[in-house]
Amino acid sequence: SRGLGDVYKRQDQPRHDLVADPQIHRGVETVMAEAHASGQRDDIAGEKAELHPRLALGDPAGARVGFRKAEAAMIEHGREAEPTFATLQSNLGIAAYTAGDCEVAAKHYAVAEALLRTLPARAASDLGRVVANQAVCDIESGAYEVGLERLDEAERLLSTDFPPGHPNLRSLAMNRAWLHHKSGDLQRARHAYERVLSLIHISEPTRQAEIS
């Protein structure tokens, strides 16, 4: 996700910050590994070298092509109820949003959310990331009340797996500020921006320790 420092340089133009999915490779990697193990040479395995650089979403259009092929392979083998399929749908949503297609992104997030809510062993943060990114689409479309409800749920979920100051929680706080800013509630936006700054300060010692 983008660094918040750049956002704070231009608070007059708030921008979303997607909550990162650390499993962004896994949805494709699993399909490719199983294709090799079974002797299948499908399009996903064949384009492995080209797909990897695109997973960072520097090439969202290319990433979408790869994820769609992974999606087709999983559907073909009846694997739509697996956790990996939810990860794949989340990644498709991120790629679609990054390409500027929020409507399609929301559809992928909805599929991921519905599946994750049925999985007893899912991590709270897995669902939290999807709900947080759904809120980004809500903000884009002007559905501020729904977006705020999703941000509240996402914060509860993400807080169970991440400490204060974690980048995902900072992104979430930034999205909350962005929502209030876009909806015209500048007082709540100011308080939300101040919270983001406090989270940055909380995380600074950890970041410095990692650098040293």
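The values are calculated or read from the model by the stated rules, or taken from the named source; none is laboratory data. None of the values given here were measured: they were computed from a predicted structure. In case anyone asks, the SASA skips ligands and DNA or RNA and just uses the protein heavy atoms, side chains included. Shrake-Rupley method; radii C 1.70, N 1.55, O 1.52, S 1.80 Å.
A few comments on the model shown:
- What the stretch 79-212 shows is 46 Å² of accessible area per residue, with the surface traced by a 1.4 Å probe over protein heavy atoms.
- Sulfur and carbon atoms: percent of accessible area, the stretch 102-194 [1.4 Å]: 54
- Rounded, prolate or oblate (a/c below 1.5 giving rounded, otherwise prolate when a/b exceeds b/c) for the stretch 103-162 by Cα gyration tensor: oblate
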